[in-house]
1. Quick one: order VAL94, VAL174, VAL116 by neighbouring beta-carbon count within 10 Å, fewest to most.
2. Got a sec to turn the phi values of region 138-145 into Karplus ³J(HN,Hα) couplings, 6.51 cos²θ - 1.76 cosθ + 1.60 with θ = phi - 60°, whole Hz, x for Gly and Pro?
3. Taking 8 Å as the Cα distance limit and 6 or more residues as the minimum spacing, I'd like the relative contact order of region 109-176 as a percentage.
4. How much length is gained if the chain between ARG99 and ALA10 is pulled fully straight, taking 0.36 nm per residue apart and subtracting their Cα-Cα distance, in nm to one decimal?
5. Counting other C-beta atoms within 10 Å, which of HIS133, HIS172 has the fewest, and how do the rest follow?
6. Can you list residues from other chains, or at least 5 along the same chain, whose modelled amide H is less than 5 Å from the amide H of LEU67?
7. Mind listing the long-range amide H neighbours of GLU148? Cut-off is under 5 Å, sequence gap 5 or more, other chains count too, H placed in the peptide plane at 1.01 Å from N.
8. Using θ = phi - 60° and the Karplus relation 6.51 cos²θ - 1.76 cosθ + 1.60, list the HN-Hα couplings for region 114-127 in order, rounded to whole Hz, with x at every Gly or Pro.
Amino acid sequence: MAEGEAKAIAILGGRALLRRGVAAGRKAGATRPAAPAKGSRPAAKGPGKARLAPGDLRWTGLIRAGLPARSTQTLASSLDMSVKDLAASLRLPVRTVHRRLEKGEPLTPEESERAVRAARVLAKAEDLLGEAHGRGWVRAPCRSLGGEIPITLLDTADGFTAVMDELGRLEHGVLS
């Protein structure tokens, strides 16, 4: 798994999410992941080594089961934003998010998908630009994205792809 994926997991609440996602996937009737391909590296083991490998469907299990609502607090804190501002940026109903937090209800799969997208973008931005600059980049208008603020584009798959493509261009030194 890429370092960014591990960071995204931490941003959303850590290894407990992975354990929850695996259990949720099994409850939903998902099969166990296939054995690693011959010649591939085995997943890391030991404390702090819970990871999602490329092609691992645990993100899918986590999203379908619904992330814990407290993941929005962790994500907002990582972005130096309030939960209200995060919810507005991701086009999540602010009152609904607060209600889910109060009642301990999980996010819906759609809400979870947006939170995972934001965590993955933040992790990649921080890896490329450093923590402070990465957070700033995610929350500031970006000329190469038509003047849009990257986090506000994450409510759609196309927006997420555009933001990740831009981060890929930055990573490889391609000017937009």
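Laboratory data are not the source of any read-out in this text; all were calculated from the coordinates shown. From a predicted model like this one, the values you see are computed outputs, not experimental measurements. Here Cβ is always computed from backbone atoms with ideal geometry, including for glycine, and neighbour counts include all displayed protein chains.
1. Fewest to most other Cβ atoms nearby, the residues stand as VAL174, VAL94, VAL116.
2. Couplings: 5, 9, 10, x, 10, 4, 6, 9 Hz.
3. With pairs under 8 Å counted, the relative contact order is 25 percent.
4. 29.7 nm
5. If I rank by nearby Cβ atoms, fewest first, I get HIS172, HIS133.
6. For LEU67, the qualifying residues are LEU107, SER112.
7. Under 5 Å from the amide H of GLU148: CYS142.
8. 5, 5, 5, 4, 4, 5, 5, 5, 4, 4, 5, 4, 5, 4
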